[in-house]
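Comments concern the structure below.
The values are calculated or read from the model by the stated rules, or taken from the named source; none is laboratory data. Quick caveat: nothing in here was measured; it's all calculated off a predicted structure. Glycine gets a Cβ as well: all are built from the backbone with ideal geometry, and neighbour counts include every protein chain shown. Calculation scope for accessible area: heavy atoms of the full protein, side chains included, ligands and nucleic acids excluded. Shrake-Rupley method; radii C 1.70, N 1.55, O 1.52, S 1.80 Å.
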Amino acid sequence: MNLYDSLPDAAATVFGAEAVAERAYDVLTVDVPVGSWIPALEIARDKLGCTYFDWLSAVDEPGTGFRICAHVVSLENHRVRRLLLRTTVPHAAPSLPSAVAVYAGAEWHERETFEMFGVVFTDHPHLVPLLLPENFEGHPLRKDFVLAARVAKAWPGAKEPGEAHDPDAPKRRQMLPPGVPDPNDWGPLKGQLPPAPARPARTARAPREGAPVRRTRSVTEGSATQAAETEATTPRPARRTRSVSEGSASQAVPAAEPDAGAESPRPARRTRSAAEGSASQAAVPAPEPDAGAETQRPARRTVAPGRRPAPRSTDAPWHNPQPAFTQDPAPESEPEAGDTPETRPDNGGDA
């Protein structure tokens, strides 16, 4: 069993009687006095196996001092064990022995802590500024360090609006979160707080001279600029309520008296089904036969009796295929009366 696993219960036995340890968020924290700072680091390295040095820094605690923190880690048996060692030095004389002899990686961290907080690490091999310019004065991470930008301009959130220049100016309205009662109505200060100043009621502004009056018309009535100028204006025609088969109002045929010289009215839109085809595809009635006329050519398309002719469609020719063209046989020519057929000579007739 590793000695690390016995902490924090055995902190007084491992680090001394004045050591205080606690564990939180998988981190073991041990506080030791200043005189036990270097021995505590040696115990963490040699007895607890914390051979990996992570970081070292400080925290300015007002009224207490500078709390120096060193974070080391043990990686034995592929298990991570973290240890945070802390000690506190006073603000008046912030001084602490250097940990470079125990952990060589603490050299740069102590230089940064000296530069930012002013903590002096004795026996440090090269304690000089690390990040700031050479002529920089002060320690920026101290709580009493004055920021030059806030000297020239006050913090914007230091006062409420209206409190900086005019004390009598109205303040911003104080709003309570949802569910939080007024402290003057409920709580230990009930009835002891002065009433909140009443805000003056907002009066309606007088309209400017010549400004148009805001419309009070509904959406269906439209705006004032869309209203009819005079009642004599011809109202807009109502929107059509005709069905698809009836067509639009512009396609309707006006009823008029028949006139011999006038053109025939426009035919109504077709009401034929898809199987019947359109009006232009309807079969034309065959004329009566004439004795003196030539024999008419038979129709290309024949329909069985009792069946309706199938409509022809240019986009689906396979429904009723037809040859591209038809060639009629040439008529036989009859011989004229004066012509005689050509006879072959009879060789046997010659003597």
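Consider PHE66 carefully, then state whether it is hydrophobic (A, V, I, L, M, F, W, C), at pLDDT 95 or above and surrounded by 13 or more Cβ atoms within 10 Å (Cβ to Cβ).
Values: hydrophobic (A, V, I, L, M, F, W, C): yes; at pLDDT 95 or above: yes; surrounded by 13 or more Cβ atoms within 10 Å (Cβ to Cβ): yes.
When the stated conditions are applied, PHE66 passes them.
For segment 25-35, the condition of being assigned to a helix (DSSP H, G or I), acidic (Asp, Glu) and exposed (fewer than 15 other Cβ atoms within 10 Å of the Cβ) holds for none of the residues. A count restricted to segment 93-121 and to residues that are among the aliphatic types (A, V, I, L, M) and open to solvent by 90 Å² or more (accessible area, probe 1.4 Å) stands at 1.
Residues in segment 56-76 that are in contact (Cβ under 8 Å) with a residue 24 or more places away in the chain and at positive phi: GLY65 only. Do we have PHE53 as assigned to a strand (DSSP E or B), open to solvent by less than 10 Å² (accessible area, probe 1.4 Å), under 18 Å from SER98 (Cβ atoms) and in contact (Cβ under 8 Å) with a residue 40 or more places away in the chain here? For PHE53, the condition - assigned to a strand (DSSP E or B), open to solvent by less than 10 Å² (accessible area, probe 1.4 Å), under 18 Å from SER98 (Cβ atoms) and in contact (Cβ under 8 Å) with a residue 40 or more places away in the chain - is not met. Would segment 122-138 turn up any residue that is modelled with pLDDT of 95 or more, surrounded by 15 or more Cβ atoms within 10 Å (Cβ to Cβ) and hydrophobic (A, V, I, L, M, F, W, C)? No, there is no match, as no residue in segment 122-138 is modelled with pLDDT of 95 or more, surrounded by 15 or more Cβ atoms within 10 Å (Cβ to Cβ) and hydrophobic (A, V, I, L, M, F, W, C). Scanning segment 76-92 for residues that are assigned to a loop (DSSP other than H, G, I, E, B) and under 45 Å from the mean Cα position of the chain (by Cα) yields ARG79, VAL80.
Going through (1) at positive phi; (2) modelled with pLDDT of 95 or more one by one, TYR103 falls short only on (1).
Going through segment 7-23 one residue at a time, which ones are open to solvent by 100 Å² or more (accessible area, probe 1.4 Å) and either outside any strand (DSSP E or B) or closer than 12 Å to ALA40 by Cα (or both)?
Step one: filter segment 7-23 for residues open to solvent by 100 Å² or more (accessible area, probe 1.4 Å), giving 9, 13, 18, 22-23.
Listed by number, the residues that qualify are ASP9, THR13, GLU18.
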